[in-house]
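A.B. asks: Encoded as structure tokens, here's the structure I'll be asking about.
The values are calculated or read from the model by the stated rules, or taken from the named source; none is laboratory data. This is a predicted model, so every value here is computed, not measured. Positions of Cβ are backbone-derived with ideal geometry, glycine not excepted, and every protein chain shown enters the neighbour counts.
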Amino acid sequence: MILVVLGTHELPFYRLVREVDRLKRDGFIKEEVIVQNGHTKFTSDVLTFKKFVTYEEMEQLYDQARIVITHAGTGSVITGLRKGKAVIAAPRLQKYGEHNDDHQLQLVDAFVSQGHILAWNDGDSLEPVIIQAEKFTPKPFRSGRERMQQILTDFIDHA
């Protein structure tokens with residue numbers, strides 16, 4: 001199963017769901033596709049939609065997914081990485097009315113450069129990225145949270 005995560009941002013993300021729908025209709029994607037679509041109102045007879053899901057259901061969907069194609073929201077990307085999934089991140093862009101700014105471009109660039117994810121960028125075809133994801137082994141992601149907690153603890157202990 002391929003999981004497509006559009007997130008819960010109030011602006012729609014039609015560009016990504018249209019591309020996935022096209023690939024499913026053309027027969028390039030043969031397996032089931034589940035789309036967590038949030039505020040993106042889109043209908044398709046070849047995709048399964050779940051508008052909003054509980055945390056537990058989202059965890060199950062990530063567990064079941066072979067590939068995760070997601071908007072470049074930090075939580076969505078990191079969830080896929082924590083679960084060792086091949087993640088394709090698509091940054092929402094301001095010029096298409098998908099977000100208020102283009103901060104998701106920086107997130108994608110950082111995670112791609114570190115070998116954690118693949119990216120679907122504006123103007124690119126999604127097919128080769130999915131083919132690449134079939135063989136992609138993400139570099140394990142380690143949060144800097146423990147290091148940050150240690151720095152704060154050391155600071156408090158020595159203040």
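A.B. asks: For residue 11, work out the one condition from (1) touching a residue at least 40 places away in the same chain (Cβ under 8 Å); (2) part of a helix (DSSP H, G or I); (3) among the aliphatic types (A, V, I, L, M) it doesn't fulfil.
C.D. replies: Failing condition for residue 11: (2).
A.B. asks: Then there's this: Within the range 93-103, can one find any residue that is of a type in the set (Asp, Glu) and surrounded by fewer than 22 Cβ atoms within 10 Å (Cβ to Cβ)?
C.D. replies: Step one: of the range 93-103, the residues of a type in the set (Asp, Glu) are 98, 101-102.
Keeping just the survivors that are surrounded by fewer than 22 Cβ atoms within 10 Å (Cβ to Cβ) gives 101-102.
Yes, the range 93-103 contains a residue that is of a type in the set (Asp, Glu) and surrounded by fewer than 22 Cβ atoms within 10 Å (Cβ to Cβ).
A.B. asks: Taking residue 93, is it of a type in the set (A, V, I, L, M, F, W, C), more than 18 Å from residue 19 (Cβ to Cβ) and more than 10 Å from the chain's Cα centre (by Cα)?
C.D. replies: Working: of a type in the set (A, V, I, L, M, F, W, C): yes; more than 18 Å from residue 19 (Cβ to Cβ): no; more than 10 Å from the chain's Cα centre (by Cα): yes.
No: the conditions fail for residue 93.
A.B. asks: Scan the range 91-112 and report the pairs whose first residue is of a type in the set (S, T, N, Q) and whose second residue is surrounded by 17 or more Cβ atoms within 10 Å (Cβ to Cβ), with Cβ atoms within less than 6 Å and a gap of 6+ or a chain change.
C.D. replies: 104/72; 104/91; 104/92
A.B. asks: Follow-up question, since we're still on this one. Could you look through the range 1-12, keep only residues that are within 23 Å of residue 64 (Cα to Cα) and either modelled with pLDDT of 95 or more or under 11 Å from the mean Cα position of the chain (by Cα) (or both), and pick out the one that is surrounded by the fewest Cβ atoms within 10 Å (Cβ to Cβ)? Break it down stepwise before answering.
C.D. replies: To start, the set of residues in the range 1-12 that are within 23 Å of residue 64 (Cα to Cα) comprises 1-8.
Then drop every residue that is not either modelled with pLDDT of 95 or more or under 11 Å from the mean Cα position of the chain (by Cα) (or both), which leaves 1-7.
Details: 1: 12, 2: 22, 3: 25, 4: 27, 5: 30, 6: 28, 7: 20.
Only one residue fits best here, namely 1.
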